1. Which of the residues spanning segment 18-52 are aromatic (Phe, Trp, Tyr) and in a helix (DSSP H, G or I)?
2. Kindly indicate whether LEU93 is within 24 Å of VAL249 (Cβ to Cβ), assigned to a helix (DSSP H, G or I) and either of a type outside the set (Ser, Thr, Tyr) or at pLDDT 90 or above (or both).
3. Report, by residue number, each residue of segment 134-161 that is under 21 Å from MET98 (Cβ atoms) and either at pLDDT below 90 or among the charged types (D, E, K, R) (or both).
4. Does segment 131-141 include one or more residues that are part of a helix (DSSP H, G or I) and either more than 18 Å from the chain's Cα centre (by Cα) or under 30 Å from GLY220 (Cβ atoms) (or both)?
5. Among the residues of segment 82-98, are any surrounded by 12 or more Cβ atoms within 10 Å (Cβ to Cβ), charged (D, E, K, R) and over 21 Å from the mean Cα position of the chain (by Cα)?
6. Taking interchain pairs and intrachain pairs at least six residues apart, which have beta carbon atoms under 9 angstrom, with the first residue in segment 108-123 and more than 9 Å from PHE136 (Cβ to Cβ) and at pLDDT 80 or above and the second β-branched (Val, Ile, Thr) and assigned to a helix (DSSP H, G or I)?
7. Suppose we filter VAL260, VAL198 for residues that are under 30 Å from ARG84 (Cβ atoms) and among the hydrophobic types (A, V, I, L, M, F, W, C); which single one remains?
8. If I filter segment 157-174 for residues that are surrounded by fewer than 21 Cβ atoms within 10 Å (Cβ to Cβ), over 21 Å from ILE254 (Cα atoms) and among the small types (Gly, Ala, Ser), do I get at least one hit?
Amino acid sequence: MKKRSVFERMAEAPYLVWSAMFILAPLLFVAYFAFTDRNGSFTLENITSLSAYSNTFVMSLGFALIATAICLLIGYPLAYCMSRTSERTRNILTVLLMLPMWISLLIRTYSLMALLDNGGLVSSFLVGLGLPKLTFIGTEGAVILGMVYDFLPYMVLPIYTSMNKLDKRYLEAAADLGCNSRKTLFRVILPLTMPGIVSGVTMVFVPSISTFYISQKLGGGSFDLIGDTIERQFQNAVTYHTGAAISLVMMILIFISLAVMNKFSDGGEDIIV
């Protein structure tokens, strides 16, 4: 094994310090508060009390899975179409896809509220046509739509990158061997772009299951997701340790999800979150 030079060790030092301060230390703090009470004594009461939030965990997981599935169903064909266009068209479509990401998530969510609110633009337009007023904000569908709207680019870009790197000779070989478009898609393109799919699923699922702002604004306070519950627990010093316990369980669920999704990749590409 080649010994690293002093310059190489110095170059990686800032990254190690950053990781220790802003990744490792917060994880340790969360674990500490999850297993201690207000006096600093060890306790499992915070963990055992989480059974009261089982419905919240199930609802958050369900919303995240539905939003991820919708993003995949929309994102994969979109990425495929983008990869089949000319370079100039691909660049334009990529800019249009990334353009909303340059705007704050808060502003994007408020914009969606302005469109879909009971007195918003869409509702006013329907009333002007003599149709019933739209009642959408405060429903599960509004929250899922917000997740899809905000996180769809995170699904499209990794898949598009995998498709763009795909060797066209594989497609030519499949055509020479008698594969039609459908067989080429499912037997050649889909397996070879699986790392991009896994990355996209991860990058959508993780923020979807932990979001709180989208559910607060588009959900209208009708229900709580994990992120909403954690935020509320941390705002109260009495329930601070319960919030840490919920955060710890959620991190474990995310790590398990990452490990499971990595099993579906081809092992040739690591997931970057």
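1. Selection gives TRP18, PHE22, PHE29, TYR32, PHE33.
2. no
3. Of everything in segment 134-161, just one residue is under 21 Å from MET98 (Cβ atoms) and either at pLDDT below 90 or among the charged types (D, E, K, R) (or both), namely ASP150.
4. Within segment 131-141, one or more residues are part of a helix (DSSP H, G or I) and either more than 18 Å from the chain's Cα centre (by Cα) or under 30 Å from GLY220 (Cβ atoms) (or both).
5. yes
6. Final answer for the pair search is THR109/ILE214; LEU112/ILE214; LEU115/VAL122.
7. Being under 30 Å from ARG84 (Cβ atoms) and among the hydrophobic types (A, V, I, L, M, F, W, C) holds for just one of VAL260, VAL198, which is VAL198.
8. yes
The values are calculated or read from the model by the stated rules, or taken from the named source; none is laboratory data. The model shown is predicted, which means the values in this text are computed figures rather than measured ones. Heads up, the Cβs are rebuilt from the backbone with ideal geometry, glycines too, and the neighbour counts pull from every protein chain shown.
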